[in-house]
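**Q** Here it is, the structure, as structure tokens.
Any read-out appearing in this document is the output of simple, stated calculations on the displayed coordinates, not a laboratory observation. No experiment lies behind these values; they were computed from the predicted model shown. When we count neighbours, we look across all protein chains shown, and the Cβ atoms used for this are built from the backbone with ideal geometry, even at glycine.
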Amino acid sequence: MFGFLKAFFPSRGQRPADEASVVNDLADRPETRANTGTTAREPQATRTASRHDIATTATNAPAALPAEMNAEREGFISREPLLGRDQRIVAYEFSHALQSRIAEKRLLVRQFYDDVLLRHLAALDLDGFLEGRLAFLELSPASLSHPAFVQLPRHNIFLSLALTVTDAPLADMALVRALPSLKALRANGTRVGMKWQYAWKMEASGWDALLAEIDFIRISWREFQDDSDDALERLVSLLRPVTRTLTAGTSPLRLVASELRTPEDFRRAYRLGFDLFRGDFINHREPGKISRSSTNRLRILQLLRHLRHDAETSRLTQEIRQDPVLSYRLLRYVNSAALGLNRQIGSLDQALTILGRDTLYRWLSTLLFHVVDPGYYEWALTEQALARAALMERLGKYAGHAGLTRDDLFLAGLFSLLDKLLGEPLEKLATDIQVSDELRAALVHRRGPLAQYLAFAEACETTNTENIAARAQALGLSAQMVNLAIVEALAWAQEMTRFSETAGN
């Protein structure tokens, strides 16, 4: 662990550093000092140069920590998407896979996991990945002085403070003393909030001062699940009118609904006016909604079969010409910035020649996920499939598994979710597409080396640390490799989703 964590993990006889005193000096630091009201950020070169140092600095493990925590130091990062009111993914919540289990444990343990999370996030190019999206992090107030926290792109960060009290937020004196520092953080672009505790009462004093310094409130849907007296509706009606004065003007308090389990939970939260939505509901299709393709899916399947059987280019061109929408999308894709060609391509023959058969096969495969009037389920599932495909491709490159091609890894990840979108068994879909024997073994029977990578990619979408670590070790992958591959895959999937929208999906 880092030398600076001596303040976090004191030797015998030494008192822990006061949480608020560690935070309060932020206002005097150059990187957190508010001056002109604009977001102050270090030059990219400076942040990149120090990112590796922070992420790789080794320190001694504190003797006071449980022995089993040593296995968690590598830090496999989990992420969970949050949807906006447009039902698209607008943010990811990043956490160490065990952070959610330590809410009731002592501060030192909390800071240990905060350290692991921040070091690994600082090693990644979150700025390039996030672009217009947001990153939610839950940290102890004491962890705001962590050097890695300074390296994160503040303008994209939504920071949820982990409090140690349940009766009222202002009973946490560390939070009270940290309020001036929170003002400095917000002036530099970070958005600050906290999770609402069910026992809190809006009638208590001091709320005006607190709400003036935070930007969002997270509300656990599970805690209000058995609500019979409309307490949730009353709470929302009290919080919704709250506004705060920011450097750019007045902004409403954002409400985040977490732990939504079903589509009905989502619909109710949406009706109540929540701004962001997180939970397992995203994996469940809305009742009665059918995913209709925005392209001729039968024609795409026919083209995939032609490619598998090495059909002549002229035959492929003739098949594509019969579908104006498909022809338009192909030319739009080949002339897009994603391919970076320095000349305009105007014919299908040229497009097929430049793309090549492998790239054409992959592009056509992604079109199977294009649907008419997509809801949150289709948007999230499509991006999940693209990210899983890109992740498997990158993990295969890092692991250097002989005998597996990049295309097989990519397609295994992509096709593994096709049954959820189309509502048909994978065995039938694999037959329709006429996938290779290796792909069929992985998708249908979960056998072979491709299945090993598929199982690991699926594990990375959960918070089961033990499963992730065991499968990573079997493939010879470090946490740093995996975390980097995840961020790269998510960035690529986000880019492809945006391109799909502009191409007329």
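**Q** Take every Cα pair under 8 Å in region 295-367 that's 6+ residues apart, average their separations, divide by the length, and report that relative contact order as a whole percent.
**A** On the way: 43 pairs, mean separation 27.6, N = 73.
Relative contact order for region 295-367 comes out at 38 percent.
**Q** Limiting things to C-alpha atoms, what are the Rg and the maximum Cα-Cα separation (Dmax) for region 427-505, in angstroms?
**A** In order Rg, Dmax, the Cα atoms of region 427-505 give 15.5, 42 Å.
**Q** Within 10 Å, count the other beta carbons around each residue, average over each peptide in 413-421, 447-455, 82-90, and list them highest first. Don't jump to the answer; show the numbers that get you there.
**A** Details: 413-421: 21.2, 447-455: 19.3, 82-90: 17.1.
Top to bottom by mean Cβ count within 10 Å: 413-421, 447-455, 82-90.
**Q** Continuing with the same structure: For a quick check: sort 487, 482, 150 by the number of other beta carbons within 10 angstrom, fewest at the front. Spell out each step's value before the answer.
**A** Values: 487 23, 482 27, 150 20.
So the ranking, lowest neighbour count to highest, is 150, 487, 482.
**Q** Given q = 0.16, 0.25, 0.30 Å⁻¹, what are the Debye log10 I(q)/I(0) values for region 447-492, with equal point scatterers placed on the Cα positions and solvent ignored?
**A** Debye curve over Cα of region 447-492, log10 I(q)/I(0) at q = 0.16, 0.25, 0.30 Å⁻¹: -0.41, -0.96, -1.23.
**Q** Still on this structure, I have one more. Could you tell me which residue out of 348, 314, 296 lies farthest along the dipole of region 295-367 toward its positive end? Charges go on the beta carbon: Lys and Arg +1, Asp and Glu -1, centred on the Cα centre.
**A** The residue sitting most towards the positive pole is 296.
**Q** Taking the beta-carbon count within 10 Å as an exposure proxy, list 496, 481, 392 from fewest neighbours to most.
**A** Numbers: 496 20, 481 17, 392 29.
Ranked by crowding around the Cβ, least crowded first: 481, 496, 392.
**Q** Assuming a ≥ b ≥ c are the square roots of the Cα gyration tensor eigenvalues, decide whether region 371-502 counts as rounded (a/c under 1.5), prolate (otherwise, with a/b larger than b/c) or oblate. Walk me through the numbers on the way to the answer.
**A** Details: a/c = 1.73, a/b = 1.20, b/c = 1.44.
Oblate, since a/c reaches 1.5 and b/c is not below a/b.
**Q** Would you order 78, 347 from fewest to most other beta-carbon atoms within 10 Å of each residue's own beta-carbon?
**A** Details: 78 22, 347 10.
With the sparsest Cβ surroundings first, the list reads 347, 78.
**Q** Expressed as cubic angstrom per residue, what is the convex hull volume of the alpha carbon set of region 295-367?
**A** On the way: hull volume 5.8 nm³, N = 73.
It is 79 Å³ per residue.
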